[in-house]
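> Quick one: this structure, given as structure tokens, is what I'll be asking you about.
The values are calculated or read from the model by the stated rules, or taken from the named source; none is laboratory data. Note that the structure is a prediction, hence the values are computed from the model and not measured. Reconstructed Cβ throughout: ideal geometry from the backbone, glycine too, with neighbour counts over all protein chains shown. When the accessible area is computed, the model is the full protein with side chains, heavy atoms only, and any ligands, DNA or RNA have been set aside. Shrake-Rupley method; radii C 1.70, N 1.55, O 1.52, S 1.80 Å.
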Amino acid sequence: MFEHERQELVDTLRKKGIKDDLVLNAINSIERHLFIPNVIGHHAYKDTALPIGYGQTISQPYTVAIMTQYLKASKNEKVLEIGTGSGYQAAILNHMGIKVYSIERNFEIYSRTQKLFDKMNLRVVLRCADGTLGWEEYAPFKGIIVTAGSPVIPENLKTQLAVGGKLVIPVGGRSSQVMKILTKISKDKYEIDEISNFTFVPLVGKQGWKEGQ
Ligand code: SAH
């Protein structure tokens with residue numbers, strides 16, 4: 001279903017500068033309409049963010065693509081995602097052969113996505129918790145991708161990143177953020193790149209925004 005629309009979305013992303021064939025291939029394969037409410041299914045292959053309930057959104061495909069491209073993770077490497085949401089970003093990484101660990105703080109969203117992954121037979125390890133604290137048990141990670149906007153870079157996430165690994169995180173105010181790409185050079189040294197102008201829902205937690213802030 002929607003093969004033609006998916007191909008058009010891939011062409012659009014290519015025109016917008018996405019070059020990584022593994023990323024484009026994953027976007028061509030994963031059925032985004034399965035990750036959003038049925039009633040808006042026909043919007044699935046537009047390059048826009050869409051509502052998934054509880055005031056949260058599934059990210060714009062371009063955003064998913066550029067973050068995945070910057071993450072530069074390879075097959076069999078461990079990646080931690082903060083903000084599972086619909087599960088679409090996790091499914092893209094999983095399709096690329098990456099071992100995905102993903103944390104969602106909202107219990108209803110977490111349960112719904114866990115059910116979807118069970119039904120789709122996707123092997124992604126999910127947890128319902130505050131992702132700003134990371135996931136010590138499985139650290140270090142080759143990559144960490146944060147899909148909610150944070151006021152700061154949470155310290156635990158830096159600690160749980162492997163040397164040589166990348167942390168991709170939108171940082172800024174509540175209504176707009178810049179995407180920071182940190183490469184861990186050594187135990188406490190990072191190289192930082194930035195790309196601007198993204199709008200994510202807030203990362204709420206001990207090392208993020210306070211509830212209701
Ligand atoms: N990656 C998702 C994007 C979901 S939107 C997708 O592909 O659909 C961001 C999600 O982050 C929301 O579901 C929100 O509940 C969650 N979130 C916000 N703060 C969080 C935190 N501290 N830990 C884990 N999840 C968090």
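> Let me know the charge dipole size of segment 95-141 about its Cα centre in debye, to the nearest 20, where only the beta-carbon of Lys, Arg (+1) and Asp, Glu (-1) is charged. The partial results should precede the final answer.
Values: 7 positive and 6 negative charges, 52 e Å.
Computed charge dipole of segment 95-141: roughly 260 debye.
> Next question. Using a 1.4 angstrom probe with every protein chain in place, what is the largest-first accessible-area order of TYR88, TYR101, TYR190? Don't skip to the answer; put the middle values down first.
On the way: TYR88 5, TYR101 30, TYR190 60 Å².
Largest to smallest exposure gives the sequence TYR190, TYR101, TYR88.
> Loop-only check: which trypsin sites (Lys or Arg not before Pro) in segment 43-87 are DSSP coil with at most 10 other Cβ within 10 angstrom?
Numbers: sites: LYS46, LYS72, LYS75, LYS78; in loops: LYS46, LYS72, LYS75.
Filter output for segment 43-87: LYS75.
> Leaving out ligands and nucleic acids, and using a 1.4 Å probe, what accessible area per residue does the chain come to in Å²?
Working: 10360 Å² over 213 residues.
I get 49 Å² per residue for this part.
> Once ligands and nucleic acids are excluded and a 1.4 Å probe is used, how much of HIS33 is accessible, expressed in Å² to the nearest 10?
20
> For the chain, what % of the accessible area comes from carbon and sulfur atoms, probe 1.4 Å?
Within the chain, the accessible surface is 51 percent carbon and sulfur.
> Multiply the residue separation of VAL152 and GLN56 by 0.36 nm, subtract the distance between their alpha-carbon atoms, and state the gained length in nm to one decimal. Walk me through the numbers on the way to the answer.
Numbers: separation 96, 0.36 × 96 = 34.56 nm, distance 2.02 nm.
Length gained between VAL152 and GLN56: 32.5 nm.
> Quick one: order MET96, MET179 from most to least accessible surface, probe 1.4 Å.
On the way: MET96 30, MET179 0 Å².
Greatest to least solvent exposure: MET96, MET179.
> Right, another one. Note down the net charge around ALA73, summing +1 for each Lys or Arg and -1 for each Asp or Glu among other residues with Cβ under 12 Å from its Cβ. Walk me through the numbers before you get to the answer.
Working: positive: LYS72, LYS75, LYS78, LYS99, LYS142, LYS166; negative: ASP20, GLU77, GLU81.
So the environment of ALA73 carries a net charge of +3.
> Shifting gears a bit: Specify the angular offset, from 0 to 90 degrees and rounded to the nearest 10, of the alpha carbon long axis of helix 61-71 from the longest principal axis of the alpha carbons in the chain.
40
> Looking only at segment 54-79, which residues have a backbone nitrogen under 13 Å from a spot 7 Å from the Cα of ILE40 in the C-beta direction?
Answer for segment 54-79: 54-61.
> Further, regarding this structure: Run the 1.4 Å probe and let me know the accessible area of ARG174, rounded to the nearest 10 Å².
My reading of the accessible area for ARG174 is about 100 Å².
> I would also like to ask the following. How many angstrom lie between the C-alpha centres of segment 40-79 and segment 170-213?
17
> If the label point is 7 Å along Cα→Cβ of GLU5, which residues in segment 40-56 have backbone nitrogen under 19 Å from it?
In segment 40-56, the label zone of GLU5 (backbone N under 19 Å from the point 7 Å along Cα→Cβ) covers 40-53.
> Continuing with the same structure: Just tell me which aspartates and glutamates come within less than 18 Å, Cα to Cα, of LYS158; anything on the same chain fewer than 8 places away is out.
GLU77, GLU81, ASP130, GLU136, GLU137, ASP188, GLU191, ASP193, GLU194
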